[in-house]
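In what follows, a single structure is set out as structure tokens and then discussed.
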Amino acid sequence: MSTPRFAIGIDLGTTHCALAYVDISASDGENTSYGVLDIPQLTAPGSVDTLALLPSFLYLPHTDELAAGDLTLPWSDTQDFAVGEFARSRGAQTPIRLVSSAKSWLCHPGVDRRAAILPFDAPPEVARISPLEASTRYLSHLRQAWDQAHPEDPFDQQDVTVTIPASFDPAARELTAEAARAAGYTHLTLLEEPQAALYNWIQGSAGRWRKDVKPGDIILVVDVGGGTSDFSLIAVLEREGQLELHRVAVGDHILLGGDNMDLTLAHVVARQLAVDGKTLDPWQMRTLTYACRVAKENLLSDATLKTQAIVVPSRGAKLIGGAIRTELSQAQVRTTILEGFFPQVDAAARTTSRTRGGLSQLGLPYAQDAGVTRHLAALLGRQAGATAELAGFAGKSDAEASFLHPTAVLFNGGVFKSDVLIERTLSTLNGWLTAEKAEPARMLAGADMDLAVARGAAYYGYVRRGQGVRIRGGTARAYYVGVESSMPAIPGIEPPMQALCLAPFGMEEGTEANLQTREFGLWVGEPVVLRFFGSSVRRQDTLGTLLDFWQPDELQALGDIQATLPTEGRQVGELVQVTLRATATDTGTLELTAVATQGGERWKVEFDVRGSH
Amino acid sequence: MTSSTPEALPSFFQRLPVAFGAFFSVLGNPAFAARVIALRQPATVADPAAVAKTAPVAPAPMKEATPDAALQLLGLLQRDARLIDFTQEDLNQYSDADIGGVARVLHEGCCKVLREHFTITPVRTEAEGSRLTLPAGFDARAVRLTGNVVGQAPFTGSLCHRGWRVTETRLPKLAQNHDVCVLAQAEVEL
């Protein structure tokens, strides 16, 4: 690869995508020259506008629905689908042809993510696409937008970083990388979104960050976007006089975001209208959701406002006659949003699976508990010992602490454009800290909630070339395969499962773990399926550690993995002894390989095998 | 229009009333008579330089505003602010409260259209009501003088309105066969 001129960062979000870049040649040290690409996209039939964000929606129109040329883009007049703002607005009226939340489907272990399953509730005549294909099309749109704007610096010669939730499991990471490769991305790195947000904060501080944090700090990144909530904990330590950042823990994958909040408010208002005998059709409901979002933002940003008028205009040309008018009050917003999504719970609170608030779409495993603060309490409680082994933290971490004590918080995501929600989250956290006689956490200010992730990703592509601080930490989980224990068979009882560690916690990129202690017999031509687990807390397990039992919340099943030995040069039914090798790749994925004990042949072990058996 | 071509020269019967009219005009109107005398002088070859000096300069043709961008903007105002719907309604049958409610939709939508497609800045940055002085050669297209407009620049007066100026226009690009005359498509739900 010739030296790229740009480091490109792409935020492949659940509801929006963005592309930012750093001009490497025009940057020096912590002074960077950067920008955000305005993305041409259809905003109406036959009409292309440039917007800073690309809504992550894809519309599959009926062949008679649009006139010739209505889907024309500056770089294509043959595309038969729409991506972006027009897809979102048209799809709101025809949801059976709309692909949305493709990213949430991409990390849904319960479905075959390479199978054409979206739109999930489309009638048979709609030609569906796979979650992988949808992601590929968004990424491809961004590449073409770049190439159009920068013909002299083609996309495939630049350094590209695509962000993923910190909570993505190896299969979802691999699928994201696969989508990017299919979209023509040649020099690709994956980066966790909360890390990208922190990189953006570092970039924005232009060097001052060294004064804003000190060794011993634990930075909590709270990222609540349109569709997902994502947490990460990053410790600050000092090594040879230099500040170092270590990502010590990440949260679970939580499908809960700003869209849920707006929808919940819309339902509150719709109920109030129903009492007055006014019912809303789906079109009006969507308009109401949008009106609620605007009213919510106004009410939350100005506590002196008592109410905000909500007007749902009629769909027909008779604008005034058919309009429905109502109000949203300060009290309703506070009860619904603050108490519903950011309740002031205590640190011992844990998520429940009872309440379901504002969840609409069938099929996706939405968070059962809408309390963002409860999810946060659960994470901090689970990670109480996350820094115990970290140099410089051993003496500091309080053995009495019931949860990990963050000292600083960085907020990210569209939801935190509201200062009230920032204050509520911070005061709840500080309540927990005060209760354990710890210093209150301070807020790291100055993030652009919509574009921070894309910008941070571009900056990461730049610092990876040797300029500036990098966040270390390696893989945020340890990984295990399930093996049947060799106890004597007892009729009627399944032999208990043991978990064998094949990739320890914190594997740095570019490192390998060879599990030599255990051989697996694979039958040629016959897929062998192994159970696969991850743990975000078992930091002490080393390669080859065999677990007989574990706490239910310690290990999570991550779906099965599968190895198939091709028949070339062998006989079907032949048994080959292999060992497993885990590699943390430079791209940011985990690769599992089966290596033959005799001869050293290798085969890739596939994640995401549902649907193939 | 074609008076200089031979076939458009007046016929005998057309010339007859002109001749009588001219006869009486020469008798009764000295100025007219002087012009007739000038007309009867042998034609002299005009000095081209003199002609160039005296001939009235034809005004530059007025700019034709193309309707496309205007229609496109109307379409955007209908889509985001329901402007056409609003203006097509008879307000007499509704209460002010009803109209006020819809005015929010209109206001918010218009703001969105203006914000997304134009960058609008004040012409003058001074606070309204403050005194300011306009030097000679100020841009009369951007600043309007009113009231006691006498004397020579610099002019000093108070700012009644800051003015607005579009510094950037960002209208969507259109496909070749896009019909901008359709401001809002008819909607048929199946």
Fill in: A:L300 being more than 19 Å from A:L421 (Cα to Cα) and crowded, with 16+ Cβ neighbours inside 10 Å
no
Worksheet entry | Residue check for A:S47: free of Cβ contacts under 8 Å to residues at least 40 places away in the same chain and farther than 20 Å from B:K112 by Cβ | no
Discussion item. Please go through the stretch A:1-21 and give me each residue that is closer than 19 Å to A:A149 by Cβ and part of a loop (DSSP other than H, G, I, E, B), ordered by number.
Written reply: A:P4, A:R5
Worksheet item: Hey, any hits in the stretch A:257-280 for a residue that's within 14 Å of another protein chain (Cβ to nearest Cβ) and polar (S, T, N, Q)?
Response: no
Discussion item. Just to confirm my filter: which helices (runs of 4 or more DSSP H) fall fully inside the stretch A:57-164 and include at least 3 residues that are of a type in the set (S, T, N, Q), at pLDDT 90 or above and surrounded by fewer than 22 Cβ atoms within 10 Å (Cβ to Cβ)?
Written reply: A:131-149
Discussion item. It is to be established whether one or more residues within the stretch A:470-485 are aliphatic (A, V, I, L, M), at pLDDT below 90 and over 29 Å from A:L379 (Cα atoms).
Written reply: no
Worksheet entry | Unmet criterion (only one of (1) surrounded by fewer than 20 Cβ atoms within 10 Å (Cβ to Cβ); (2) of a type in the set (S, T, N, Q); (3) under 30 Å from A:H187 (Cα atoms)) for A:S536 | (1)
Worksheet, complete the sentence: Residues of the stretch B:132-177 being part of a strand (DSSP E or B) and without any contact (Cβ under 8 Å) to a residue 40 or more places away in the chain, in sequence order, are B:L132, B:T133, B:L134, B:F155, B:T156, B:G157, B:S158, B:K173
Response to the item:
Sole miss for A:P365 among (1) more than 18 Å from the chain's Cα centre (by Cα); (2) in a loop (DSSP other than H, G, I, E, B); (3) surrounded by fewer than 20 Cβ atoms within 10 Å (Cβ to Cβ) is condition (1)
Discussion item. Out of everything in the stretch A:560-576 that is part of a loop (DSSP other than H, G, I, E, B) and surrounded by 10 or more Cβ atoms within 10 Å (Cβ to Cβ), what residue ends up being nearest to the chain's Cα centre (by Cα)?
Written reply: A:T564
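Okay, residues lined up against (1) more than 30 Å from A:G316 (Cα to Cα); (2) touching a strand residue (DSSP E or B) at 6+ places or on another chain (Cβ under 6 Å); (3) assigned by TED's automatic domain parsing to the domain that holds B:T119:
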residue	(1), (2), (3)
B:A136	yes, no, no
B:A142	yes, no, no
B:V150	yes, no, no
B:A153	yes, no, no
B:T156	yes, yes, no
B:C181	no, no, no
B:Q185	no, no, no
Worksheet item: Restricting the search to the stretch A:22-54, which residues are within 8 Å of chain B (Cβ to nearest Cβ), out of contact with any strand residue (DSSP E or B) (no Cβ under 7 Å at 6 or more places or on another chain) and assigned to a loop (DSSP other than H, G, I, E, B)?
Response: A:P45
Worksheet item: Would you pick out the residues in the stretch A:321-351 that are of a type in the set (S, T, N, Q), over 30 Å from A:R382 (Cβ atoms) and assigned to a helix (DSSP H, G or I)?
Response: A:Q330, A:Q332
Worksheet item: Within the stretch A:542-559, can you find the residues that are assigned to a loop (DSSP other than H, G, I, E, B) and under 28 Å from A:L106 (Cβ atoms)?
Response: A:W550, A:P552, A:D553, A:E554, A:L555
Response to the item:
If we ask which residues in the stretch B:66-96 are loosely packed, with under 12 Cβ neighbours inside 10 Å, within 23 Å of A:R325 (Cβ to Cβ) and either more than 10 Å from chain A (Cβ to nearest Cβ) or touching a Lys or Arg at 6+ places or on another chain (Cβ under 8 Å) (or both), their number turns out to be 2
Item to complete: Please state which of the following conditions B:C110 fails to meet, knowing it meets all the rest: (1) surrounded by 16 or more Cβ atoms within 10 Å (Cβ to Cβ); (2) on the phi < 0 side of the Ramachandran plot; (3) within 9 Å of chain A (Cβ to nearest Cβ); (4) out of contact with any strand residue (DSSP E or B) (no Cβ under 9 Å at 6 or more places or on another chain).
Response: (3)
Practice prompt. Identify the residue in the stretch B:113-131 that is basic (K, R) and not in a helix (DSSP H, G or I) and, among all such residues, is nearest to the other protein chains (Cβ to nearest Cβ).
Written response: B:R124
Item to complete: Determine which member of the set A:E484, A:E439, A:E526, A:E519 is closer than 23 Å to A:E389 by Cβ and either out of contact with any Gly (no Cβ under 7 Å at 6 or more places or on another chain) or in the same structural domain as A:E554 (by TED's automatic domain parsing) (or both).
Response: A:E439
Worksheet, complete the sentence: The residue from A:L300, A:L280 that alone is more than 25 Å from A:P95 (Cα to Cα), modelled with pLDDT under 90 and touching a helix residue (DSSP H, G or I) at 6+ places or on another chain (Cβ under 7 Å) is A:L300
Worksheet item: Does A:R531 satisfy being of a type in the set (K, R) and closer than 30 Å to A:T161 by Cβ?
Response: no
Practice prompt. Please name all residue pairs, on different chains or six or more residues apart, with Cβ atoms under 7 Å, provided the first residue is in the stretch A:291-302 and is within 13 Å of chain B (Cβ to nearest Cβ) and the second residue is small (G, A, S).
Written response: A:E297/A:S418
Item to complete: Might you check whether a residue that is closer than 27 Å to A:L379 by Cα, at pLDDT 80 or above and among the polar types (S, T, N, Q) occurs anywhere in the stretch A:491-514?
Response: yes
Worksheet entry | Subset of the stretch B:147-181 (residues that are away from chain A (no Cβ under 14 Å) and within 30 Å of B:A70 (Cα to Cα)) | B:C160, B:H161, B:R162, B:G163, B:W164, B:R165, B:V166, B:T167
Item to complete: Hand me the list of strands (runs of 3 or more DSSP E) wholly inside the stretch A:186-240 holding 2 or more residues that are surrounded by fewer than 18 Cβ atoms within 10 Å (Cβ to Cβ).
Response: A:229-239
Discussion item. So, in the stretch A:26-38, exactly how many residues are modelled with pLDDT under 90 and under 14 Å from A:I8 (Cβ atoms)?
Written reply: 4
Worksheet item: Quick check: anything in the stretch A:438-457 buried (at least 18 other Cβ atoms within 10 Å of the Cβ) and on the phi > 0 side of the Ramachandran plot?
Response: no
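To keep it simple, each residue is scored yes or no on (1) closer than 20 Å to A:R538 by Cα; (2) part of a loop (DSSP other than H, G, I, E, B); (3) more than 18 Å from the chain's Cα centre (by Cα).
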position: A:A388; (1), (2), (3): yes, yes, yes
position: A:H405; (1), (2), (3): yes, yes, yes
position: A:V420; (1), (2), (3): no, no, yes
position: A:G431; (1), (2), (3): no, no, yes
position: A:G468; (1), (2), (3): no, yes, yes
position: A:V481; (1), (2), (3): yes, no, yes
Worksheet item: Out of all the residues in the stretch A:253-277, which are under 30 Å from A:S535 (Cα atoms) and out of contact with any helix residue (DSSP H, G or I) (no Cβ under 6 Å at 6 or more places or on another chain)?
Response: A:H253, A:L256, A:G257, A:D259, A:N260
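The values are calculated or read from the model by the stated rules, or taken from the named source; none is laboratory data. Source: prediction; values computed, not measured. Here Cβ is always computed from backbone atoms with ideal geometry, including for glycine, and neighbour counts include all displayed protein chains.
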